Structures are given as structure tokens and as C-alpha cells.
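A short reminder: the numbers here are calculations on the coordinates, not readings from a lab. No experiment lies behind these values; they were computed from the predicted model shown. Cβ placement follows ideal geometry from the backbone for every residue including glycine, while neighbour counts extend to all protein chains displayed.
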Amino acid sequence: MKSHSMSRRGFIGTGLGTMAYMGMPSMPAMASGAGSAGPRFGLPHHKPTAKRVIYLFQSGGPSHIDLFDHKPILQQLHGTPLPDSVRGTQRVTGMTSGQKEFLVNAPIQAVKPRGQSGVTIGDLLPHTCGIADEISLVKSMHTEAINHDPGITFINTGSQVPGLPSMGAWCSYGLGSKNKDMPSYVVMLSQGTGKNPGQPIFSRLWGSGFIPSSHQGVQLRGGATPILYLDDPSGVDRKSRRNMLNDLAELNRIRLDATGDPEIEARNYQYEMAYRMQASAPEITDLSDEPESTFALYGQDARLPGTYAYNCLLARRMAERDIRFIQLFHRGWDQHESLVRDLTAQCRDTDQASAGLVIDLKQRGLLDDTLVIWGGEFGRSVYSQGKLNNGRDHHGRCFSTWLAGGGIKGGVMHGETDDYCYNITKDPVHIRDLNATVLHCLGIDDKRFTVKFQGLNQSPTGVEETHIVKNILA
């Protein structure tokens, strides 16, 4: 398969070309398959357990020590130096490399076994405690990245080097979509009150890299205009718009025949998707049909566009409409200082809506085939940054992520760490292994799903070996 052009030429006139699309069954697929509605590459490779993914990405590095990794001995070790034998030769960030001592900082609130299963969750997440028996908690995640941008790029694209396709774009490209009126990959952003502003989020995190641009994520924004440039200009009716797009598509087909540029094909599908989204997108974001019980479940913030709770509710509405990959990026988890105040606020922003989403999906019969993921790019240090309870630095050697639904076993924990929540002692899970497991639930063998680019058979998880986390599969 030949590599795809990286051209991103400006779209013509209407501004609607900024919308991404991957499935238009009313239009024949052309050379690159950019707009094909059906699966490619012989996918799925095996029977999937999940049809769609909702990825609740907690940007900034949630503290596994305060939220998930139960180590009662840390209360006794609080304020004592972290032994050199534990820290070893690990490099630390510039924010703590100059500290004279690394003092153990116990959890700011208790972490305990919850539910009948005993999955360990902190008091800071009371609503998540209520779904302990629905989730698989992976406590042995690890990554080589120690700073935010490389870390979040790594877990979303399989490489610390920017420019590769995101996981959502790969899923769109390989599996297609059942919903012809919305993109198969939708992204929403929110800002927490824990650290404001949080770390920046760049649009390349949901980019398509070297696969057709029609598979990049489409961002739904908070506020009165979820998608920019979606309305027709004043004086242009639907019939006129339809005729304009038909003529434009014909001109683009002529140009495609002359140049073979697959981005021209993608452009046609983007125009068509934007046209259909003019009717479908406002319906998804109109919450007037939601009963009061919905807002009691997700929290009253779910009424406010742009909040994490609102985005979680929209994610459920999109799952009902068979959107393939839905990703929420929530900023503010980077607690280098004001640990007690900011981590408490961040949990308050996210806890009820995260749990409410899982409960809501289960009540509607959607959890069985919807895979929900909650986690960030790395964890936090057991030692304090500065004075005790001031803050925690980045930590990639071990951290926690939970998954629910879509073929995941509920009420289990996988992996173990040492008494300091610092090193993995059993069943390590690299971030590539997590991504390979997510793809496995969607019916994809990550190493058989490849695209030739720059002389390599590129896969969603890179060229390194990966392992499916079988212990968490139902």
C-alpha cells in the first residue's frame, strides 16, 4: 500500500471542509478508501467484544498513590527519606532534581478496598468507589516518558515523536462506522478546577498522521457553537448547498483523476460529512429530552456546556448513535503544588460523571459493547515536591488505569507495585500493551493492522512487541 500524502491544502470557500469524515455509503469509495464505510485490512481479525470506545483521558498525570494504589505502610513512612535502593538510577524531572531529600508523602486521603471485589479506590473518588465491581484496575502501567507532551503523545499515538496517527484515527480507518451522519472519531476537551490552566492539549493528539485526513478526530467545543462553520451562510438554502457540493465534488473528482492525490478524495467526504452534520450534530447536543434523573446521575455540571460532566453525558448520547471512538481530554491533573486543594477539586470535577457514565451505559444495555477507559499519561511521585503535602512530581515507572465494559472483567485488579508505589513488582503493563488490549477488544490484532509508511509497516502500537492483558478480559 503506497504511503499517503501529507498535504493539508486549504479547503474551498465554505469552511465546512474542516469537518472530518470517514463513512459516506452514498458515495463510492475511491483509490485510498478514505471514505469507505466498511472495514478494511480484513478487520475485524477476530470476534470483537466492543463496538465502540469512550476514552476518559485525564491529562496531567493522576496520582495513583492518592487514588488507587493501596499501601497502608505509607502512613508509617510519611516524612521519611525514600531509600536510594527504591529510587535507583531513575532520572527525575528538573522540578525535583535539585532537591536535597526525597521525603515519602502518604496519601492525602485513605485508599481502601471497595465493593464485593475489593478493588482499591481512594476516598477522594466516592462515586467511583460505587462502581468498583464494574471495573478492572490496572495498577502496573508504565511508560518511558517523564514529561507531559511526550507522555500524552506516546499513549495516544504509540510514539513520543509527534506526527503519527492517533488511536481513534486508526480505529476509524480500520473499522469504519455505522453512523453516516457523524464522524467516527469525536473529541471533547474540558478544563478542571484542580490546576487552571492545565497542560496544553494539541490537536495533533487526535490527528490522522499518514493515513487519510478524513479519519482525524473532530472536536466538539463547549459553548453555543459546538462545531465551527457548520451553519450555512445567510441566504443559502439546503437545495443550493446540495447543488454546490455536487458541483464541487465533480471538480474534485476531475482533479483526483489528474493527480491521484488521496487528500482530494478525503476532502469530498469532509464536505459531505459537514453537510450531514448540519442536521445531526445539533440533535446530539440538545439535552432538552434528558430527564432530571440524568442530571442527578452525572451531576448538575452536566447542564453546562464544556464541563467534564457535560462531555460525559454527550459521550453516552454519541455511544447510543454508534460513534466508534469518543475521547474526552480533561486537563488539570498536574499537582506539583497545592496537592490537597487541587487534587481534591480535580476529583470533585470528574468523579460523579465518570461513575455516572458507567452506570448510565449499563442501565441502557450499552456497557456490554462499549469499552470505557479512565487514565492519564503517567502517575505521580511518592516523594513530595517541596514540603510534605505540597505536591508530587511526574512518575512513569508505575501508575493506574481502569477499564470497564466491552469485554472487560469487572471487579479485578491487575499488577502490583512495591510498598512505595514506586516500582512494579508483578505483571507490568506498558502503555503499548494497554493500547493493544483495547484494539483486541475491538477485534483487532495490533501487529496485523499495518500501513506501509517511510519504509516500515507501521502499526497503532509501533514496532515493539506487545502483550494483551488477558487477566482483565471477561
Checklist entry - Which pairs in the list K195/K409; K426/K447; K139/K452 are over 30 Å apart, alpha-carbon to alpha-carbon? => result K195/K409; K139/K452
Item to check | Straight-distance crosslink candidates among aspartates and glutamates, where the alpha carbon sits under 15 Å from K362 and sequence neighbours closer than 8 are dropped | outcome: D133, E134, E320
Checklist outcome for this item: Summing +1 per Lys or Arg and -1 per Asp or Glu among the other residues with Cβ less than 13 Å from M182's Cβ gives +2
Next on the checklist: Need the full-extension length gain, Q363 to T93, defined as separation in residues times 0.36 nm minus the C-alpha distance. One decimal, nm.
Outcome noted: 92.8 nm
Next on the checklist: Among DSSP bridges having both ends in the chain, what percentage is antiparallel? Round to the nearest 5.
Outcome noted: 45
Item to check | Cut-off 15 Å between beta-carbons: net charge of the residues surrounding V438, Lys and Arg +1, Asp and Glu -1 | outcome: +3
Item to check | Gyration tensor (alpha-carbon) shape descriptor, region 65-197, a/c threshold 1.5 | outcome: oblate
Item to check | Farthest positive-ward along the chain dipole, Cα basis, beta-carbon charges - from M273, T89, V186 | outcome: M273
Checklist entry - Quick one: longest stretch of the chain between exposed loop trypsin sites (Lys or Arg not before Pro), exposed meaning at most 11 other C-beta atoms within 10 Å and loop per DSSP? => result 101-386
Checklist entry - Once label points are set 7 Å from the Cα along Cα→Cβ at both S293 and R341, what is their separation, rounded to one decimal in nm? => result 4.0
Checklist entry - Per the Kirkwood definition applied to all pairs of different Cα atoms, how many angstroms is the hydrodynamic radius of the chain? => result 22.9
Checklist entry - Quick one: T294, T89, fewest Cβ neighbours within 10 Å first, how do they rank? => result T89, T294
Next on the checklist: Could you tell me the calculated FRET efficiency between R204 and T259, based on Cβ-Cβ distance and R0 = 22 angstrom, to the nearest 0.05?
Outcome noted: 0.30
Checklist entry - For the chain, what is the calculated [θ] at 222 nm in deg cm²/dmol (nearest 500), taking -39500 (n - 2.57) for each run of four or more DSSP H residues and dividing by its residue count? => result -9000 deg cm²/dmol
Checklist entry - Using 7 Å Cα-to-Cβ label points, what is the K470/D237 separation (nm, one decimal)? => result 6.4
Item to check | Cα centroid of region 337-370 to Cα centroid of region 390-442, whole Å | outcome: 18
Checklist entry - Fewest first, what order do D393, D133, D360 take by the number of other Cβ atoms within 10 Å? => result D133, D360, D393
Checklist entry - Of H467, H430, H395, how do they rank once you tally other Cβ atoms within 10 Å and put the fewest first? => result H467, H430, H395
Checklist entry - According to the square roots a ≥ b ≥ c of the eigenvalues of the Cα gyration tensor, what is the shape class of region 326-388, taking rounded for a/c under 1.5, prolate for a/b larger than b/c otherwise, and oblate for the remainder? => result prolate
Checklist outcome for this item: Taking a ≥ b ≥ c as the square roots of the Cα gyration tensor eigenvalues, with a/c under 1.5 meaning rounded and otherwise prolate when a/b beats b/c or oblate if not, region 350-474 comes out oblate
Item to check | Environment charge of S240, counting only residues whose C-beta is closer than 12 Å and scoring Lys/Arg +1, Asp/Glu -1 | outcome: +1
